[in-house]
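J.: After the structure tokens below, expect a handful of questions from me.
The values are calculated or read from the model by the stated rules, or taken from the named source; none is laboratory data. Remember, predicted model here, so these are calculated numbers, not experimental data. Note that each Cβ is placed from the backbone with ideal geometry, even for glycine, and that neighbours are counted across all protein chains shown. Ligands, DNA and RNA are stripped out before the accessible areas are found, and what is left, the full protein with its side chains, is counted by its heavy atoms. Shrake-Rupley method; radii C 1.70, N 1.55, O 1.52, S 1.80 Å.
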Amino acid sequence: MKNYLYNISGGSPRSLWPSAIAAILDGIAKIIPAALLVDLFNTIYVSFAHPEIGLNTNRMWVVCLILFAWLLVEYAAYASLYDKTYLAAYSLSATGRLKLAEHIRHLSLGFFGKRDPGDLTNLILSDYGQVEHTISHNVPQLISAVVLPIMALTGLIWLDFRMALVMFIAVPLGVLLLWLTDTIQARLSENHVQAKNEAASRLQEYLTGIREIKAHNMSGKRFERLRLSFDRLKQASIRLEAIMGPMIMGAMLLTRSGMTLMIWTGSYLLVGGSLSLPVFLLFLLVGTKIFEPLTIVLMNYGEMRYSAYSAQRIMDVQQEQTMEGSADVTAAHPSIIFDQVTFGYEAQTPVLSGVSFTIKPKTITALVGASGSGKSTVTRLIARFWDIQAGTIYIGDQSIRTIAPEKLLQHISIVFQDVYLFQDTIGNNIRIGKMDATQAEIEAAAKRACCHDFISGLPQGYNTPVGEGGSTLSGGEKQRISIARALLKNASIILLDEATASLDPENEAAVQQAINALVADKTVILIAHRLKTIQNADNIIVLDQGRLVEEGTHDKLLNGQGIYSRLWHLQQQAEGWQVKT
Ligand SMILES: Nc1ncnc2c1ncn2[C@@H]1O[C@H](COP(=O)(O)OP(=O)(O)OP(=O)(O)O)[C@@H](O)[C@H]1O
């Protein structure tokens, strides 16, 4: 139960206390009017049974006044219940969602390889919504369903233990039925959540990939995957309702049968003379009050089971180990050393094997090699997007594992080949490099990155909104904006994925000029696809199938007659190629 509550509250069971107390107060508030009604009935009954005494109108007035006052108390209890439970639920899910998003940011990128983005979106939105609903609706109902019968049972046993016994005899049977079928319910809930996530992921894939789907005329195949996932969701939903419905209805019937048994026993005892009419009436009144929440909670049981699985999914992500290390980079311009580094995205398939090299501060190092040789992987490891399996990476004289990832990234600017721009203004997209940058600083960076002119030419200038991913700008424009970002950040290490290869000559010249401004006086690690751009690099590292095979300056490597020399000559020949007509 402790575990269940822990899960259902998304790891903060204390947040349930306010709604629990409010629900108990509400429970008490519900019982009192029933007792007052019985007293009222008793007063009337006595005046009929003993006409010589007459009707005690004073008592009736007092009861009516108390009933009225109690209405106000009940209103206050309800208001408090609503206030506390909704506050708890919405606060929990709002802070929980943010905490989770923050936690995810601290996880190794390897985590994202294992999880579908659609699945994570669903986790943060839908699973948290489910937990929110349980806390605001199911938990108070559960508490009043438990508190009310316990309070009533205690009072009723004292009045007539025979009647109390038959009234509650079937409740444990209903609970037992749910307990026995718990595993089936857990599995059905799990299947349904998985099917829902799968459908959300397929839908996201379909919508994000719509351009490729259209371009390659794949609508039939992709649509089929989407259709199948919706089909699976339909099956899971039907199974969930069709199997869980009868179980819950069965438990409800068993529980409610106590009421019928009590009426039957009460009538029998009343006729036999061993039960007074007011006591029987009290049982009837309390019975309707008690079985109502008990029935509701059983109906909600399936939902709570479902929530427990949602909460478990949230907890699983919360428990994912974040990367260790809390130190900051101590050197202003640190060297970067790879010492026998071995790494694989999957531990058993190494992508880099025993790689060792030293990058001196304020030098330009180019990474060269065939596609898939591990160039991007080296840059990702320098940024500590992943942790390595063997060897050590040093930033200055500190092992990278001792440095907090977010502190390390304050010292690194990355210019990717495929630039991602946020759905915001151009100015704010540049400001990402330095959140407190002034407009003048942003414009200065844009000027050095050769993008000020084209931004100023736009109708709204720096306030021009950019479509998600930067869809409204050309490749070269996006590149220069991302270089302006990096210039504004002014980090000592620059990781650069050679970005000019796919640009037209005019854009290429502008981007090249922007890069020159960026790399001045910095430690630069550059992934080079075209060797002519790196002839002046201080050091060139050649990778082949995850191993460092050559290292040195352009001239040294050209004389070595190895992979670099071969690649160089191949590219020289390619320069002369042209499409024949
Ligand atoms: N996120 C990932 N998960 C699993 N494997 C990956 C991942 N990223 C890259 N790889 C694999 O690691 C190997 C090295 O990839 P990497 O991107 O470092 O090569 P690269 O030399 O930069 O290639 P390119 O020049 O084509 O960009 C490849 O076999 C690639 O398939």
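J.: Going through the cross-link list 114/196; 522/556; 447/522; 434/478; 489/532; 434/522, which pairs have a Cα-Cα distance over 22 Å in this structure?
T.: Where the Cα-Cα span goes over 22 Å, the pairs concerned are 522/556; 489/532.
J.: Dipole size in debye (nearest 20) for region 13-318 around its Cα centre, Lys and Arg Cβ +1, Asp and Glu Cβ -1?
T.: 1080
J.: Starting from the amide H of residue 421, placed 1.01 Å from N in the peptide plane, find each other amide H under 5 Å away whose residue is 5 or more places distant or on another chain.
T.: 469, 470
J.: Then there is this: For the chain, which whole-number percentage of the solvent-accessible area (1.4 Å probe, protein heavy atoms only) is attributable to carbon and sulfur atoms?
T.: 61
J.: Can you compute log10 of I(q)/I(0) for the chain with the Debye formula, treating each Cα as one identical point scatterer, at q = 0.05, 0.09, 0.11 Å⁻¹?
T.: Reported log10 I(q)/I(0), two decimals: -0.40, -0.87, -1.11.
J.: Same structure again: Which peptide among 259-269, 403-413 comes first, and what is the full order, when sorted by highest mean count of other Cβ atoms within 10 Å?
T.: Per-residue mean Cβ counts within 10 Å order the peptides as 403-413, 259-269.
J.: Mind checking which of 158, 223, 62 is farthest towards the positive end of the chain's charge dipole, using Cβ charges of +1 (Lys, Arg) and -1 (Asp, Glu) about the Cα centre?
T.: 223
J.: Same structure, new question: Across 5 Å bins from the origin, how do the percents of Cα pairs in region 241-320 run, short distances first?
T.: For region 241-320, the binned pair fractions read 3, 13, 17, 14, 12, 11, 9, 7, 6, 4, 3, 2, 1, 0 percent.
J.: Shifting gears a bit: Highest mean first, what order results for 359-366, 476-483 on Cβ atoms within 10 Å?
T.: Highest to lowest by the protection proxy: 476-483, 359-366.
J.: To the nearest 20 debye, what charge dipole does the chain have about its Cα centre, counting +1 at the Cβ of each Lys and Arg and -1 at the Cβ of each Asp and Glu?
T.: That gives a dipole near 560 debye.
J.: Here's something else I'd like to know. Just to check, using Stokes-Einstein with a Kirkwood Rh over alpha carbon pairs, what's the diffusion coefficient of region 113-213 at 4 °C and 1.567 mPa s in µm²/s?
T.: D, rounded to a whole number, is 74 µm²/s.
J.: Using just the C-alpha positions of region 13-318 as equal point scatterers, what log10 of I(q)/I(0) does the Debye formula give at each q in 0.09, 0.13, 0.15, 0.16 1/Å?
T.: For region 13-318 at q = 0.09, 0.13, 0.15, 0.16 Å⁻¹, log10 I(q)/I(0) is -0.63, -1.02, -1.21, -1.30.
J.: Now for a different question. Provide the packing ranking of 131-139, 91-99, 234-242, i.e. peptides ordered by the mean count of other C-beta atoms within 10 Å per residue, highest first.
T.: Per-residue Cβ counts within 10 Å, averaged per peptide and sorted highest first, yield 131-139, 91-99, 234-242.
J.: Over the chain, what is the relative contact order in percent, taking alpha-carbon pairs closer than 8 angstrom and at least six residues apart?
T.: 14
J.: How much net charge surrounds residue 104 when only other residues with a Cβ under 14 Å from its Cβ are counted (Lys, Arg +1; Asp, Glu -1)?
T.: Once positives and negatives cancel, what remains is -1.
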